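S.K.: I have a structure I would like to understand better, so I am pasting it below and will then ask my questions one at a time.
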Amino acid sequence: MPDPIVVQVVVDKPLSQGFDYLWDAKQLGALPQVGQIIEVPFGRGQEIAVVIKVSAHSDYQIDKIKYVDKVSPLPPLNLALLRLINFASQYYVHTLGETILPTIPQMWKKADSWKKNVDKINEARKKNPKAIGSQKEGFITAEQLNAEQKKALEALNNPSNSGTKFRTILLQGQTGSGKTAVFLNWISGILEEKDAQVLLLVPEINLTPQLERRVRAYFPDKIMAVLHSGVTEKKRGIAWYEAMTGKAQIILGTRLAALTPMPNLKAIVVDEEHDTSYKQQEGTRYSARDLAIWRAHDGQLPIVLSSATPSLETWIAAKAGRYEYIRLDQRAQGAKLPRVHLINTRDPRNQYSPGDQGAPKDEKPD
């Protein structure tokens, strides 16, 4: 009699241990793989689970172990993502199941719809193989960058620590200095590699549409997956699928996108890295920016942290030499900084208005 196939799985429950199930390869049509999304009987109902271990043995009696019910047609979650999830689980003190299962969109938590969803997405992609963008908002080529921007782009493209691909770069520049144009042109070079994927994180949903238009203007021939809580569950499910299958080259989203499976990830950008919105405050708590840095280190990838006002920890790391530091001091395209005046708001005689020139006449320095 052949040895049984036992898989250990995790479910979205506050339970630290995994659960053993038997795998009937003949009935399920394939051998098990770590990272597969499956459906299992759990208690009096059914649960979506993720395989974390495959073995021929169990600490429990084989005849008392239940069988796996269904296997999703999705590819297994890649090992790099599983390492990230395992780190997040330990570092932020949450169970593995509570960390990994919430990252899967609701669309893929209904086993009866698995095959139908995959067929619909693949059929739609055949009809529209490219997500062509017609917008030209903010389109600035490398040749149109000013001298300071070109110098910054050159620094991004020519790492000083050539012994490793992992780099953390702080790109600091005042508002209007053209940081976005710099890192989008940098991304352009990375996406020249076949099947390469890039993760672009933004802190707020309301920043996503504007940046999405700019990204589509730069990369009209690339498929982009947009992931944030403002999109419908169906659109999020489709974007997540295209990211995990490698069809989407650009993954743009808020903090939840940091835990998206991307088999060909080559670079990460965290825009407005100082923003506290990168910290998840409900459910499984984590810092998306910090997880992005860990993910870049684990995958030996470059990561750019962009900000006009960097967080204290990022600033200290850059000043200490642990992060590379690139600074933009000039406003892009010849724009000038606004005039700034100090106004003594405690003086009731202050009648200063923005149209006045210089400081108020009656104002006295403290």
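The values are calculated or read from the model by the stated rules, or taken from the named source; none is laboratory data. It should be emphasised that the depicted structure is a prediction, and the values quoted were computed from it without experimental measurement. Here Cβ is always computed from backbone atoms with ideal geometry, including for glycine, and neighbour counts include all displayed protein chains. Surface areas here come from the heavy atoms of the whole protein model, side chains and all, with no ligands, DNA or RNA. Shrake-Rupley method; radii C 1.70, N 1.55, O 1.52, S 1.80 Å.
S.K.: Give just the number: which of (1) surrounded by fewer than 19 Cβ atoms within 10 Å (Cβ to Cβ); (2) over 22 Å from PRO75 (Cβ atoms) does ARG216 not satisfy?
M.R.: Condition not satisfied by ARG216: (1).
S.K.: Of the conditions (1) out of contact with any helix residue (DSSP H, G or I) (no Cβ under 8 Å at 6 or more places or on another chain); (2) within 30 Å of PRO4 (Cα to Cα), GLU39 satisfies every one except a single condition; which number is it?
M.R.: Checking GLU39 against (1) out of contact with any helix residue (DSSP H, G or I) (no Cβ under 8 Å at 6 or more places or on another chain); (2) within 30 Å of PRO4 (Cα to Cα), the one that fails is (1).
S.K.: Could you check, for region 344-361, whether at least one of its residues is more than 30 Å from ILE140 (Cβ to Cβ), hydrophobic (A, V, I, L, M, F, W, C) and modelled with pLDDT of 80 or more?
M.R.: For region 344-361, residues more than 30 Å from ILE140 (Cβ to Cβ), hydrophobic (A, V, I, L, M, F, W, C) and modelled with pLDDT of 80 or more: absent.
S.K.: If I ask for residues that are within 19 Å of ALA248 (Cβ to Cβ), open to solvent by less than 30 Å² (accessible area, probe 1.4 Å) and touching a Phe, Trp or Tyr at 6+ places or on another chain (Cβ under 9 Å), which ones from region 182-198 would you list?
M.R.: Within region 182-198, LEU184, ILE187, LEU191 meet the criteria.
S.K.: Suppose we filter region 48-93 for residues that are of a type in the set (Asp, Glu) and more than 26 Å from ASN122 (Cα to Cα); how many remain? If you could, list the steps in order and put the result at the bottom.
M.R.: Of the residues in region 48-93, the ones of a type in the set (Asp, Glu) are 59, 63, 69.
Add one more test, that the residue is more than 26 Å from ASN122 (Cα to Cα), and what stays is 59, 63.
Looking only at that region, the number is 2.
S.K.: If you take the residues in region 77-115 that are outside any helix (DSSP H, G or I) and free of Cβ contacts under 8 Å to residues at least 12 places away in the same chain, which one is farthest from GLU39 (Cα to Cα)? Explain how you work it out, then say what you get.
M.R.: Step one: of region 77-115, the residues outside any helix (DSSP H, G or I) are 77-78, 92-95, 104-105, 109-110.
Applying the additional criterion that residues be free of Cβ contacts under 8 Å to residues at least 12 places away in the same chain yields 93, 110.
Numbers: VAL93: 26, LYS110: 9 Å.
Filtering first and then ranking leaves VAL93.
S.K.: Okay, moving on. In region 172-199, how many are under 19 Å from the mean Cα position of the chain (by Cα) and in a strand (DSSP E or B)?
M.R.: 3
Residue-wise test of (1) touching a residue at least 24 places away in the same chain (Cβ under 8 Å); (2) among the β-branched types (Val, Ile, Thr); (3) surrounded by 21 or more Cβ atoms within 10 Å (Cβ to Cβ).
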site	(1), (2), (3)
THR180	yes, yes, yes
LEU200	yes, no, yes
VAL226	yes, yes, yes
GLU233	yes, no, no
THR245	yes, yes, no
LEU252	yes, no, yes
ILE268	yes, yes, yes
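S.K.: Can you tell me which residue among ILE132, ILE140 is open to solvent by 70 Å² or more (accessible area, probe 1.4 Å) and at pLDDT below 95?
M.R.: Selected residue: ILE132, the only one of ILE132, ILE140 that is open to solvent by 70 Å² or more (accessible area, probe 1.4 Å) and at pLDDT below 95.
S.K.: Restricting region 162-171 to residues that are polar (S, T, N, Q) and more than 20 Å from the chain's Cα centre (by Cα), which is most open to solvent (accessible area, probe 1.4 Å)?
M.R.: Of everything passing the filter in region 162-171, SER162 is most open to solvent (accessible area, probe 1.4 Å).
S.K.: Consider only pairs whose beta carbons are under 9 Å apart and that are at least six residues apart or on different chains; among these, list those whose first residue lies in region 283-301 and is on the phi > 0 side of the Ramachandran plot and outside any helix (DSSP H, G or I) and whose second residue is open to solvent by 30 Å² or more (accessible area, probe 1.4 Å) and charged (D, E, K, R).
M.R.: GLY283/GLU98; GLN300/LYS165
S.K.: Just the residues that are over 19 Å from LEU82 (Cα atoms), touching a residue at least 40 places away in the same chain (Cβ under 8 Å) and surrounded by fewer than 19 Cβ atoms within 10 Å (Cβ to Cβ), please, taken from region 1-26.
M.R.: Listed by number, the residues that qualify are ASP3, PRO4, ILE5, LEU22, ASP24.
S.K.: Please tell me if VAL50 is closer than 29 Å to ALA296 by Cβ, touching a strand residue (DSSP E or B) at 6+ places or on another chain (Cβ under 9 Å), buried (at least 17 other Cβ atoms within 10 Å of the Cβ) and of a type in the set (Val, Ile, Thr).
M.R.: Values: closer than 29 Å to ALA296 by Cβ: yes; touching a strand residue (DSSP E or B) at 6+ places or on another chain (Cβ under 9 Å): yes; buried (at least 17 other Cβ atoms within 10 Å of the Cβ): yes; of a type in the set (Val, Ile, Thr): yes.
Judged against the criteria, VAL50 is a match.
S.K.: Another one. Tell me, which residue of region 212-239 that is over 21 Å from ALA196 (Cβ atoms) and small (Gly, Ala, Ser) is nearest to the chain's Cα centre (by Cα)?
M.R.: Among residues in region 212-239 that are over 21 Å from ALA196 (Cβ atoms) and small (Gly, Ala, Ser), the one nearest to the chain's Cα centre (by Cα) is SER229.
S.K.: Take the residues of region 17-73 that are in a loop (DSSP other than H, G, I, E, B) and among the basic types (Lys, Arg): which is farthest from THR245 (Cα to Cα)?
M.R.: ARG44
S.K.: Tell me, please, whether a residue that is under 15 Å from the mean Cα position of the chain (by Cα), in a strand (DSSP E or B), of a type in the set (S, T, N, Q) and at pLDDT 95 or above can be found in region 242-249.
M.R.: no
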